[in-house]
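The block underneath contains the structure these notes are about, expressed in structure tokens.
The values are calculated or read from the model by the stated rules, or taken from the named source; none is laboratory data. Note that the structure is predicted; figures quoted are calculated from it, not measured. Every residue, glycine among them, receives a Cβ derived from its backbone with ideal geometry; neighbour counts consider all protein chains shown.
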Ligand code: UD1
Ligand code: UDP
């Protein structure tokens, strides 16, 4: 069987590591994987670093599409992906998550009748103003095999009219699988390596369980000056309480928008706060080290919310809703949007909380193995 895995953004490269590793270790006689990188993320610290560090085979095709408006970026990807698919004739296209690369791959593949395998299917924010919500709905509705990490994801698909049916599967009768989270596979697999190799905690002079880790990149936050200001002012306030250190690996989108929305004086003032350590995006092993050693995580990232949970850290979600509803339901995370008062209240809540529970929601860390078995059965 030949599959083409289509990736483009940072979290997809990381997710792909789990499947590529499993194919190479356990299915190399049965599955040949060709990796296509759309080039949606292209800075070395948003792309190349992950291939090197996580042992992912280099993509045999890089479309170098880079940043643009949604329409221009997605259209350029569709055109080039279609040409590759026609030339390569894979048995299926594997896509992850909900980025423009996911959408472009889905449109290109479905029109020329190549089955789509969607990993991270069924997740919904129920907020169609999010570009990711549109991308994931359109991808799910053109897929043949839908792998959902959570029960909530499976239920969302059933509520949208998908049916739980038996094989054989097709685009008109897709198969739905509850498989656990492929990111959990990675967090388990790479945490040991991170502990051995990452030096970021000592390099930054951090103390275990004393600092907060934060990330911000969601367009709803970065593109709205009032929201971005409120979030950074909340960071500023928290970091002035009891000399609380916050480490913030800054996404390039957020960096760009900080400079676009605010005066140099405001940005310099933020960056001169010694307790708010704004750093470049970090490698995955460094990110895991930061997550494992932090005491609390503030983020609008989907992946980082879950990793907080995997490493049993309370999470403050800087969004108005989450696809990972289980984290909130069990009390390990709180949704606060960009409201400064709510961010501060959630910080105080988790500072005082003990006995937080982190039940097993995301499987056993063998999602990639399960997915490969199903590909062989059903394609
Ligand atoms: C994309 C995904 C989002 C995902 C995120 C992961 C879409 C619609 N959004 O958002 O779902 O959570 O990736 O990080 O697909 N930039 C650089 N260097 C890079 C990449 C981006 O400087 O290597 C800057 C550019 O100014 C660009 C901006 O970041 O315009 C946004 O990049 P883009 O890929 O369009 O969206 P993300 O916000 O990264
Ligand atoms: N990540 C990383 N370095 C960073 C920030 C994030 O390796 O500086 C990892 C993080 O551990 C997670 C993934 O990137 O696995 C999440 O990606 P991101 O937040 O960009 O996107 P999202 O998950 O929201 O789509």
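Residue 148 - would you say it is buried (at least 21 other Cβ atoms within 10 Å of the Cβ), away from ligand 1 (no atom under 16 Å from the Cβ), within 30 Å of residue 68 (Cα to Cα) and within 16 Å of the chain's Cα centre (by Cα)?
yes
What's the number of the only condition in (1) surrounded by fewer than 19 Cβ atoms within 10 Å (Cβ to Cβ); (2) away from ligand 1 (no atom under 16 Å from the Cβ) that residue 288 fails to meet?
(1)
If you take the residues in the stretch 210-244 that are in a loop (DSSP other than H, G, I, E, B) and out of contact with any helix residue (DSSP H, G or I) (no Cβ under 7 Å at 6 or more places or on another chain), which one is farthest from residue 286 (Cα to Cα)?
Ranking the candidates gives 224 first.
Residue by residue, here is whether (1) closer than 20 Å to residue 344 by Cβ; (2) within 16 Å of ligand 2 (Cβ to nearest atom) holds:
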position	(1), (2)
208	no, no
221	yes, yes
226	yes, no
234	yes, no
244	yes, no
251	no, yes
255	no, yes
260	no, no
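Anything in the stretch 101-141 that is touching a helix residue (DSSP H, G or I) at 6+ places or on another chain (Cβ under 7 Å), assigned to a loop (DSSP other than H, G, I, E, B) and either without any contact (Cβ under 8 Å) to a residue 24 or more places away in the chain or surrounded by fewer than 19 Cβ atoms within 10 Å (Cβ to Cβ) (or both)? List them, or say none.
Scanning the stretch 101-141 gives 112, 127, 128.
Name the single residue, out of those in the stretch 214-225 being away from ligand 1 (no atom under 11 Å from the Cβ) and over 16 Å from the mean Cα position of the chain (by Cα), that is surrounded by the fewest Cβ atoms within 10 Å (Cβ to Cβ).
Result: 225.
Run down 114, 134, 119 and say which single residue is away from ligand 2 (no atom under 15 Å from the Cβ) and at pLDDT 95 or above.
Going through 114, 134, 119 in turn, the sole match is 114.
Tell me which of these residue 12 doesn't satisfy, since it passes every other one: (1) surrounded by fewer than 24 Cβ atoms within 10 Å (Cβ to Cβ); (2) part of a helix (DSSP H, G or I); (3) at pLDDT 95 or above.
(1)
What are the residues in the stretch 80-100 that are assigned to a loop (DSSP other than H, G, I, E, B) and either within 15 Å of residue 13 (Cα to Cα) or within 16 Å of ligand 1 (Cβ to nearest atom) (or both), if any?
Answer for the stretch 80-100, where residues must be assigned to a loop (DSSP other than H, G, I, E, B) and either within 15 Å of residue 13 (Cα to Cα) or within 16 Å of ligand 1 (Cβ to nearest atom) (or both): 97, 98, 99.
I'd like to check something: does the stretch 272-280 contain any residue that is part of a helix (DSSP H, G or I), surrounded by 18 or more Cβ atoms within 10 Å (Cβ to Cβ) and away from ligand 1 (no atom under 16 Å from the Cβ)?
No: zero hits.
Please enumerate the residues belonging to the stretch 48-65 that are in a loop (DSSP other than H, G, I, E, B), away from ligand 2 (no atom under 16 Å from the Cβ) and surrounded by 13 or more Cβ atoms within 10 Å (Cβ to Cβ).
57, 59, 60, 63, 65
Restricting to the stretch 36-47, give me the number of residues that are within 13 Å of ligand 1 (Cβ to nearest atom), in contact (Cβ under 8 Å) with a residue 40 or more places away in the chain and either more than 12 Å from residue 8 (Cβ to Cβ) or assigned to a strand (DSSP E or B) (or both).
Final tally of qualifying residues: 2.
In this structure, is residue 255 part of a helix (DSSP H, G or I), without any contact (Cβ under 8 Å) to a residue 12 or more places away in the chain, within 16 Å of ligand 1 (Cβ to nearest atom) and within 26 Å of the chain's Cα centre (by Cα)?
Yes.
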